[in-house]
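Trainee: Once you've had a glance at the structure underneath, I'll fire off some questions.
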Amino acid sequence: MKTERDYQRTRLYRAEWELIDNYELLTLVECWDFLAEIIESPWFQTDFPSTAGYLAGSAAQAGLSGPQEHRPNNRLVYLHKGDRRRGLKIRPGYRRRYAESWCSTITLPLWSRNKLTLIHELAHICCWCDAKNGHRMSAHGKEFARIYLTIVMHVLGDDEYAELHEAMLQHKVRVHPGVVQRATKSPRQP
Ligand SMILES: [Zn+2]
């Protein structure tokens, strides 16, 4: 089975651009704390158990709060917690144009350090780790959109959920209507 084409990325970005000015910029540590709180919340651990375990890494017991800086040669490469080979990392994204998730690393250029974009990037990791065949799904497809909206609803609330959903509909973004399908096997590393 091949990876499904990323058929609605532009439409999804356009929906987000409608709203992005409503979200204030955060520092990199605030971005970490925001994601750590989501990952450690009981609803997230129930809905996205593989993602929660994957991102907690070796910090699973101690908790993700209080990130550490990996700073060789006095330049911040990423924030992490505990064993650097495992768990969430946040990179500053110097000179990057787009925010990006790759495995457990989220790269955040300055403009993208806001709650909406953080949930977008987290939703990619949820899709890979917890959705059935998530690593082959269209990167910004129907299932991604559903997971993204689910997290927005839980974390930002009903109004923000409704606003994002409305913007998605306006820009003809397709959203999977059903429940998130669970992965039956342990996830392949994305
Ligand atoms: Zn994306």
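None of the figures in this text is laboratory data; all of them are computed from the coordinates on show. What you see is a predicted model, and the numbers here were worked out from it, not measured in a lab. As a convention, Cβ positions derive from the backbone with ideal geometry for all residues, glycine included, and neighbour counts pool all protein chains shown.
Trainee: Using a simple charge model, +1 on the beta-carbon of Lys and Arg, -1 on the beta-carbon of Asp and Glu, nothing else, what dipole does the chain show about its Cα centre, in debye to the nearest 20?
Mentor: 1240
Trainee: When the chain is modelled as a GNM with alpha-carbon springs shorter than 10 Å, which of LEU108, LEU122, LEU25 fluctuates the most?
Mentor: Result: LEU25 has the largest fluctuation of those listed.
Trainee: Taking GluC sites (Glu not before Pro) that fall in a DSSP loop and have at most 14 other Cβ atoms within 10 Å as cut points, what is the longest piece of the chain between them?
Mentor: 25-190
Trainee: Once Lys and Arg get +1 and Asp and Glu get -1 on their Cβ, which of ASN74, PRO49, ILE20 lies farthest toward the positive end of the dipole of segment 9-170?
Mentor: ASN74
Trainee: Of the chymotrypsin sites (Phe, Trp or Tyr not before Pro) in segment 1-84, which ones lie in a loop per DSSP and count no more than 14 other C-beta atoms within 10 Å?
Mentor: Answer by residue number: TYR7.
Trainee: For a quick check, take a GNM of the chain with Cα springs below 10 Å and name the residue from ARG136, ARG91, ARG146 with the largest mean-square fluctuation.
Mentor: Per the Cα network of the chain with a 10 Å cutoff, ARG136 tops the list.
Trainee: Further, regarding this structure: If you take every DSSP beta bridge fully contained in the chain, what fraction is antiparallel? Give it as a percent rounded to 5.
Mentor: Roughly 75 percent of the DSSP beta bridges within the chain come out antiparallel.
Trainee: Using a 10 angstrom cutoff on alpha carbons, build the Gaussian network for the chain and name the most mobile of GLN170, GLN45, GLN61.
Mentor: Its mean-square fluctuation being the largest, the pick is GLN61.
Trainee: Just to confirm the filter: which trypsin sites (Lys or Arg not before Pro) across segment 1-88 are DSSP coil and have at most 14 other Cβ within 10 angstrom of their Cβ?
Mentor: LYS2, ARG5, ARG75, ARG84, ARG85
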